Amino acid sequence: MRINGDGLYLVAGLALLVGAVLPRLLRRYAISAPIAFLGAGLLLGLFVDRSRLSPIAEPKLTEHLAELTILVALMGVGLAIDRPIGWRRWKVTWRLLLVAMPACIAAVAGAGWLLGLAPATALLLGAVLSPTDPVLASDVQVQGPTTGEGAEPEEDDEVRFALTSEAGLNDGLAFPFVYAAVFAATKGAVGNWALEWFAWDLVGKAVIGVAVGVIAGRLLGRMAFSAPLPSFRLADSREPVLALAMTLGVYGLAEVLHGYGFIAVFVAALSLRAAERDHDFHEELHGFVEQLEHILTWGILLLLGVAITGGLLKPLTLAGAAIGVLLVVVIRPLTAWVSLHGTPMRRSERWVTAAFGVRGVGSVYYLAYAGSDFETDLPWLWATVGFTVVLSVVVHGVAATPLMRMLEIRRDRDS
């Protein structure tokens, strides 16, 4: 039986209903909601026209849906972080971003090259698979802002803080390396583009993104909490749509100015959070964004499951599967573990932080964005990325609940 267009509304309604119930049903078990939705997508693929729901057939639809999902997630994680930004306070974050992430890209690219990939394709694969996901990693991230009168917000869970702050920034920081892969494929020798890439794509666009985020976040924070006119004071009128308006507006402004919009959105959320940090309006904004993020995430996972049923993984080779397994089981844990040496984390916290480099929607977005320049290898790339995302969803989804409980028990015992 095939479901027609009208039947898809029924499927969408049922999916939203199941999505509202699943997190509560699975809370006690080692099965995350992303695993369940991925499985539902695999089953749904048996009843719908799979050819129209493939990321290869619809790259622009895939790109924009993944892009919107990441943007909403970045606003959510930015609002959820209590800890004020600073070099020492965010020491674990800078280590993961500046040491672990480039090392991870280099290791994946090197493995791909050794397994026979062209250098540009190997670099693209490393860049696409490098960012940890702000979308699918909610089980191991901070749960929301601490607000209220007299509150002293500060994360006491270093693992959740590290994974949340890393996911907030590394989606944007993966962009320069994606560009480097595209330039290597289209502009030839490194000497033809390296200086421009370093000055503009690596540094210039990131600086613009940070500047837009800081300025926009501060201006909107002043408007929301202390505007002279009450009608502009959105915190008093409890208008959570400010979060969505800010997400789209800041991203659009940064992109118009040729900066990295992902970085701008996350930084803007941090700046808004810094304005009246203990105001409970932040909790309402975060709740609104979180619900929207869940809906978009369910859609992405359902579509990924449908695409897999439709044959997305058919071009997968032993080399592609080996890269995915190496990344999830060896490369990410090892590079992150080394990068966190010398931080105040306990040994068990370092291992858990290193292990939970969840791969997901960010990888889907970057491959959809850059894939048109790698048409020859595109089916294989999608198969490899799809396999890696599924592997990450399953492995990390099963491990999240017991490992986070283990850390909580150890903290309680030590205290």
Per GNM of the chain with C-alpha springs under 10 angstrom, the most fluctuating residue out of Leu313, Leu124, Leu114 is Leu114
Calculate, in whole percent, how much of the Cα-Cα pair population of the chain lies beyond 36 Å. 23
Cross-link reach list, aspartates and glutamates versus Lys91, counting only Cα pairs under 16 Å and skipping chain neighbours closer than eight places: Asp82, Glu154, Glu155, Asp156, Asp157, Glu158, Glu166, Glu349
Measuring from centroid to centroid over Cα atoms, what is the spacing of region 224-250 and region 272-314 in Å? 21
What is the extension gain from Ser348 to Ile295, computed as 0.36 nm multiplied by their sequence separation minus the C-alpha to C-alpha distance, in nm to one decimal? 15.7 nm
Would you list the membrane-span-like helices of the chain, meaning whole DSSP H runs whose alpha-carbon atoms span at least 15 Å along their axis and whose mean Kyte-Doolittle value is at least -0.5? 5-25, 33-44, 59-80, 101-114, 158-173, 175-186, 205-226, 241-256, 261-274, 281-309, 378-414
With a point put 7 Å past each Cα toward its Cβ, work out how far His258 is from Glu408 in nm, to one decimal. 4.9
With a/c under 1.5 counting as rounded, go ahead and sort region 54-109 into rounded, prolate or oblate using the C-alpha gyration tensor (a ≥ b ≥ c being the square roots of the eigenvalues; past the cut-off, prolate if a/b is larger than b/c, else oblate). oblate
Please work out the C-alpha center-to-center distance from region 387-405 to region 56-90 and express it in whole Å. 20
Within region 129-208, which GluC sites (Glu not before Pro) sit in a loop by DSSP and count at most 16 neighbouring Cβ atoms inside 10 Å? Glu149, Glu154
Once you have a ≥ b ≥ c as the square roots of the Cα gyration tensor eigenvalues for region 305-415, tell me rounded if a/c is under 1.5, and otherwise prolate or oblate according to whether a/b is larger than b/c. prolate
At 1.4 Å probe radius, can you tell me the per residue accessible area of region 333-378 in Å²? 38
Note on region 222-281: alpha-carbon gyration tensor, axes a ≥ b ≥ c; rule is a/c under 1.5 for rounded, else prolate if a/b larger than b/c, else oblate; result prolate
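The values are calculated or read from the model by the stated rules, or taken from the named source; none is laboratory data. In this text, all values refer to a predicted model and were calculated from it rather than measured experimentally. Ideal geometry is used to build each Cβ from the backbone, glycine not excepted, and the neighbour counts take in all protein chains shown. Note: areas computed on protein heavy atoms with side chains; ligands, DNA, RNA excluded. Shrake-Rupley method; radii C 1.70, N 1.55, O 1.52, S 1.80 Å.
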